[in-house]
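Every number here is computed from the coordinates shown, using simple stated rules; none is lab data. Everything numeric in this text was worked out from a predicted model, so none of it was measured. Virtual Cβ from ideal backbone geometry, glycine too; neighbours counted across all protein chains shown.
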Amino acid sequence: MTACKAHTVLPGTFHSHVLVMLCLMPVMAAFTGCSEPSQREVFIKSNDRDGTTAYTFPLDMSDSLCRYDISFYTRIDCDGESFSAMPPAIALEITCISPSGQKYAETVSIPKDSFIDESHFSKEYKVPYRAGLIPVENGIWEMSVTVMDEKEFPGLRGWGTITRKIPKTRG
């Protein structure tokens, strides 16, 4: 029969390491578990607007250490014949209001044929609007998107924005 040798543990070292790890685990979990998402998506259905023709979104551009990519997405449900009868572009009137109330507006167009996915009865769009945007003012902005002549696009299910936060790099 062989005898088991006893291992010598320095007094308090093992237990103090375990105690430190147990104390740090909730702190580490808080930092990783509560981090803010780098991308936010908001979609407003056509029939969920408050009696207006605009789709209105909050854009959180509060972080001065980041720049932002903004994209639009939507879906048009219709058959091929109805789709062919639609105008060649989806014209958008875009108004952005800064946290201090400064208003910026422009009109842009999305080619009708720039969909990213399709089926017999549906076309899906995801279109970049701004890449690497550094706002003139940090904070919560309000963006209103009006689809001009929306009645010309029957089957438009609504409008969405994707705001992606990108850390600025030095240089």
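Some notes on this structure:
- Per-selection metrics, the stretch 72-149 (Cα): Rg and Dmax in Å: 15.3, 46
- Filtered trypsin sites (Lys or Arg not before Pro), the stretch 134-171: DSSP coil and at most 12 other beta carbons within 10 Å: Lys168, Arg170
- Neighbour cut-off at most 16 other Cβ (10 Å), DSSP loop, trypsin sites (Lys or Arg not before Pro), the stretch 29-131: Arg49
- Potential lengthening between Ala131 and Lys151 on full extension [0.36 nm per residue; Cα-Cα distance subtracted]: 4.2 nm
- The alpha carbon gyration tensor of the stretch 37-167 gives principal lengths a ≥ b ≥ c with a/c of 1.5 or higher and a/b greater than b/c, which makes the shape prolate.
- Cβ-Cβ FRET estimate between Asp117 and Lys168, R0 fixed at 25 Å, reported to 0.05: 0.15
- Lysine pair number, Cα distance threshold 19 Å (strictly under), the stretch 71-171, separation 8 or more or different chains: 5
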